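Values in this text are rule-based calculations from the coordinates and carry no lab data. Owing to the predicted nature of the structure, the values given are computational and were not obtained by experimental measurement. Here the Cβ positions follow ideal geometry from the backbone for every residue, glycine too, while neighbour counts run over all protein chains shown.
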Amino acid sequence: MPRPVDARDKQLIEAPCREVLLGAISPMDDAARERARSTFDSNELAAFLHDGEDKLQRREELVKLLSSQPWGDKTHRYFLTREQEYVGGLKAMVGMWQQMRQGRLSLEDGIAMRSLAYFPGGLELHIGMFIPTLLSQGTPEQQAKWLPMSNRLQIIGTYAQTELGHGTFVRGLQTVAVYDEASREFVVHTPSLEAHKWWPGGLGKTATHVILMARLFAQGRDYGPHAFVVQIRDMATHLPLPGITVGDIGPKMGFNSVDNGYLAFDHVRIPRDAMLMRFSQVTEEGRYVPPPPDNQKASYATMVYVRATIVRDSGDFLSRAVTIATRYTAVRRQTASKLGEPELQARQLPPLLLPACWPVLDYDNVQQTLLPLLARAYSLVFMGRSMMDMYNSFDAARSRGDFGVLPELHALSSGLKALCTDITAAGIEACRRQCGGHGYMLASGLPTLFNSYVQNCTWEGDNSVMYLQAARYLVKNVLAAQAGKPITGSAKYLSSAAQQADAKCGVSTADDWRSPAHQLAALTRVAAQLAAQATQVLARAGGGRVAFDGEPWNNSTVDLIRAARAHVALYLHQNFVDCVEAAASQRALGAAASGVLRELMQLHGVVLLLEASSDLLEGGYCSGRQAGMLREQQRALVRSLRPNAISLADSFAYPDYQLNSALGRKDGNVYQALLDSARISPLNATHEGPAWKEVLEPLLSPAVRSRL
């Protein structure tokens with residue numbers, strides 16, 4: 001509370017304050033100085049990453065639009081209750097939809113607004129799975145019935161697959177849909193506690209309809225899980241329909257603006273055409289018509305699409321975290337290792353200042369953490385683009401009835417979903433820890449980013465199961481290669497694995513490890529080695545026969561997961577190399593930006609090889625001296641990239657609005673932002689606080705205590 005200050009008090013503290021503030025550096029000056037050190041134009045790289053300067057300009061316009069809307073205001077986002085989060089997230093989603101309709105904004109604008117606002121709501125699965133499933137599995141007639149209402153938000157859908165007792169094991173679902181020939185309807189029922197649908201986003205309080213995955217029974221036979229469109233709430237009152245039990249599952253670790261729900265059916269009848277019948281059908285007489293042999297796994301298409309988007313989004317989320325951490329550690333100063341030592345970036349200061357402070361990013365352990373994460377973020381960004389290109393190519397082929405690439409795409413999307421989300425979840429937490437105590441505050445943006453992202457390691461397939469799905473594909477290719485059959489796609493390297501088994505690493509100096517050829521040769525060797533080992537372990541567990549289920553498979557999962565991870569790590573780095581080299585050869589970037597991007601790619605390869613160094617040594621591919629050179633080269637690459645750290649983060653082009661982080665402000669004014677955030681806390685609405693009257697006054701007030 002402001003008050004007059006005595007002149008003597010001012011005089012007493014003037015000299016000490018002047019002394020302690022001598023040489024103080026504004027974090028905003030540090031931020032500006034960091035950018036002045038850069039060797040390339042971050043705006044050029046940003047335009048490349050975002051497909052042109054016009055896209056960046058459009059994002060700035062959308063930020064202004066979002067900031068002008070009450071539902072787009074992020075000022076109090078970190079102080080909301082669960083109910084406020086849910087309502088606010090839904091208002092934001094509906095608000096963006098209305099802006100698209102009223103402002104004639106494009107679908108691309110809508111996607112950009114969702115990313116900028118980042119306020120997940122009850123429409124997440126309506127957009128992300130309900131509509132895509134109708135598009136991929138509905139007949140033209142079904143699409144004509146459901147899609148117009150979905151697009152106009154006249155109905156709101158979600159995707160109900162996971163059950164309380166059944167997750168990734170889709171074949172084990174217990175919800176049933178039994179066809180009644182007499183009425184030409186299905187009877188949907190939840191036969192057990194474990195069969196309750198559990199987790200679908202938007203199910204709790206928002207959705208009016210669901211895509212229900214249920215076991216189809218017709219003429220007494222179980223045909224396994226199939227998709228049905230089922231209305232669950234009355235359109236006039238929003239109350240559950242007869243026979244429907246539905247609600248919210250309660251607070252979660254994060255993502256609490258989304259109403260994940262539970263759902264049960266008690267002998268609910270639905271019409272025959274509620275079954276999505278693009279590929280398989282049930283006739284009016286109850287005869288099951290299976291999908292054509294070439295597209296029996298067409299239902300995988302929706303899951304593959306969602307996994308592809310998860311891969312795409314992993315780069316976005318890691319990029320946000322590493323931007324916040326890099327910007328903050330570049331302006332946060334910490335005690336130097338020796339008292340009296342001058343600051344690294346401000347050598348004009350008197351050398352006897354006690355203590356001198358370094359930017360945290362200049363500490364070896366910090367830059368050796370954050371620069372590799374920057375490299376990984378760029379790798380994931382490029383992988384996300386390539387993953388979506390692969391899916392779109394498959395989608396075009398599927399429309400022609402060609403499902404030939406589905407096994408490869410399914411394996412890659414599964415393995416990459418696991419690897420990319422593992423990297424991102426661990427990376428966000430590593431970024432938070434590099435920010436010290438301030439990183440623990442919600443105002444930093446990092447706890448919310450982690451808590452909302454880490455679900456991706458589990459949803460749409462637990463990562464261990466995803467690796468195992470990739471491993472199944474990998475082992476089949478190992479067996480095919482051993483039988484002399486041709487191998488194509490991502491596992492093509494297995495064709496020559498036997499001939500290369502005795503090859504040795506050709507690295508003679510630490511700088512040799514910068515070569516993409518040396519890096520890819522080593523990663524290929526590890527992938528082939530672990531794939532062969534996993535196949536051998538599986539064969540031994542099966543008594544000489546390779547079995548893809550049962551006890552032999554279950555007893556081999558550690559080796560299988562290691563093999564799958566090595567396989568997709570090789571693919572991830574190969575994609576990074578290809579994208580960087582393509583940008584350089586097509587002259588999409590100038591020499592300076594291309595050079596920095598190439599160093600990032602080199603660092604990414606070295607990081608992956610350091611993680612695989614024990615396998616390189618175990619297989620006899622590398623000597624201890626060669627493996628040691630990897631660490632030497634990582635240090636050299638980090639030192640070389642350090643002056644460009646801030647500019648590399650800037651190239652992701654995140655507006656302050658999008659990051660919503662006191663620590664990630666582009667101008668570096670982090671301490672003012674932290675204080676501003678604290679001042680608006682609801683606990684500060686009164687000076688005495690909400691516990692004064694009821695709890696504290698009886699303890700602390702002499703007058704009240706005497707009455708007691």
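With labels modelled as points extended 7 Å from the Cα through the Cβ direction, what inter-label distance (nm, one decimal) is found for GLU60 paired with GLU694?
Those two pseudo-labels are separated by 4.9 nm.
For the chain, build the charge dipole from Cβ charges (+1 Lys, Arg; -1 Asp, Glu) around the Cα centre, then report which of MET601, THR208, TYR363 sits farthest towards its positive end.
Of MET601, THR208, TYR363, it is TYR363.
Could you order peptides 521-528, 281-288 by the average number of other Cβ atoms within 10 Å of their residues, highest first?
My ranking of the peptides, most packed first, is 521-528, 281-288.
Do you know the relative contact order of the chain, to the nearest whole percent, from alpha carbon pairs under 8 angstrom that are 6+ apart?
15
If you plug each phi of segment 677-688 into the Karplus form 6.51 cos²θ - 1.76 cosθ + 1.60 with θ = phi - 60°, what whole-Hz ³J(HN,Hα) values come out, in order, with x for Gly and Pro?
Using θ = phi - 60°, the values come out as 5, 5, 5, 8, 4, x, 5, 8, 5, 10, 6, 7 Hz.
Compute the length gained on full extension between GLU632 and GLU618: take 0.36 nm times their separation in residues and subtract their Cα-Cα distance, giving the result in nm to one decimal.
Computed gain between GLU632 and GLU618 is 3.0 nm.
When ranked by the protection proxy of mean other Cβ atoms within 10 Å per residue, highest first, what sequence do the peptides 410-423, 365-378, 532-545 form?
410-423, 365-378, 532-545
Return the lysines within reach of LYS693: Cα separation strictly under 30 angstrom, same-chain partners fewer than 8 residues apart disregarded; answer none if there are no such residues.
In chain and number order, there are no partners.
Roughly what % of DSSP beta bridges within the chain run antiparallel, to the nearest 5?
Roughly 85 percent of the DSSP beta bridges within the chain come out antiparallel.
As a footprinting exposure proxy, order THR133, THR458 by other Cβ within 10 Å, with the fewest listed first.
Least crowded to most crowded, the residues run THR458, THR133.
Round to a whole angstrom and tell me the spacing of the C-alpha centers of segment 359-406 and segment 4-20.
Here the two parts' Cα centres lie 56 Å apart.
With the Cα gyration tensor of segment 93-202 giving a ≥ b ≥ c as the square roots of its eigenvalues, does the rule (a/c under 1.5 for rounded; else a/b larger than b/c for prolate; else oblate) give rounded, prolate or oblate?
Judged from the Cα gyration tensor, segment 93-202 comes out oblate (a/c at least 1.5, b/c at or above a/b).
Say the dipole of the chain comes from +1 at the beta carbon of Lys and Arg and -1 at that of Asp and Glu; which of SER393, THR326, PRO242 then lies farthest toward its positive end?
Ranked along the dipole, the leading option is THR326.
What is the set of long-range amide H partners of ASP180 at a cut-off below 5 Å, with H atoms built 1.01 Å from backbone N?
Amide H neighbours of ASP180: GLU185, PHE186, VAL187.
If you take the square roots of the eigenvalues of the alpha-carbon gyration tensor of segment 518-677 and sort them as a ≥ b ≥ c, do you get rounded (a/c under 1.5), prolate (a/b over b/c) or oblate?
Note, shape of segment 518-677 comes out prolate.
Could you list which residues have their amide H under 5 Å from that of THR158, counting only those 5 or more apart in sequence or on another chain, with H placed in the peptide plane?
Amide H neighbours of THR158: HIS209, VAL210, ILE211.
How large is the charge dipole for segment 128-290, taken about the Cα centre, if only the Cβ atoms of Lys, Arg (+1) and Asp, Glu (-1) carry charge, to the nearest 20 debye?
Here segment 128-290 has a charge dipole of around 320 debye.
Read phi for every residue in segment 635-645 and hand back ³J(HN,Hα) as whole Hz from Karplus 6.51 cos²θ - 1.76 cosθ + 1.60, θ = phi - 60°, with x for Gly and Pro.
4, 5, 5, 5, 4, 5, 7, 3, x, 9, 4
Rank-order 108-118, 445-455, 549-559, 36-46 by packing density, defined as the average count of other C-beta atoms within 10 Å over each peptide's residues, highest first.
445-455, 108-118, 36-46, 549-559
For segment 45-127, rounded, prolate or oblate, judged on the Cα gyration tensor with a ≥ b ≥ c (square roots of eigenvalues), a/c < 1.5 rounded, else prolate if a/b > b/c?
In terms of gyration-tensor shape, prolate.
In sequence order, what are the phi-derived ³J(HN,Hα) couplings for segment 694-704 according to the Karplus relation 6.51 cos²θ - 1.76 cosθ + 1.60 with θ = phi - 60°, rounded to whole Hz, with x for glycine and proline?
7, 10, 7, 4, x, 8, 9, 7, x, 5, 5
Could you list ILE155, ILE561 in order of exposure, starting from the residue whose Cβ has the fewest other Cβ atoms within 10 Å?
Ordered by Cβ neighbours within 10 Å, fewest first: ILE155, ILE561.
Whole angstrom only: what separates the Cα centroid of segment 423-454 from the Cα centroid of segment 607-633?
Taking the Cα centre of each part, segment 423-454 and segment 607-633 sit 30 Å apart.
Please tell me which of these pairs span more than 30 angstrom C-alpha to C-alpha: LYS197/LYS417; LYS91/LYS197; LYS91/LYS666; LYS252/LYS417; LYS197/LYS492?
Over 30 Å Cα-Cα: LYS197/LYS492.
Please state the charge dipole magnitude for segment 564-708, taken about the Cα centre, from unit charges on C-beta atoms (+1 on K and R, -1 on D and E), reported in debye and rounded to the nearest 20.
For this selection, approximately 320 debye.
Dipole magnitude of the chain about its Cα centre, charges +1 at Lys/Arg Cβ and -1 at Asp/Glu Cβ only, in debye to the nearest 20?
Result for the chain is approximately 360 debye, rounded to the nearest 20.
Would you grab the residues whose amide H sits under 5 Å from the one on PHE255? Only those 5+ places off in sequence or on another chain, please, with H modelled 1.01 Å from N.
SER452
Would you mind ranking THR245, THR424 so that the residue whose beta carbon has the fewest other beta carbons within 10 Å leads the list?
THR245, THR424
Along the positive direction of the dipole of the chain (beta-carbon charges: Lys, Arg +1; Asp, Glu -1; about the Cα centre), which of ASN644, GLY167, ALA481 reaches farthest?
So the residue we want is ASN644.
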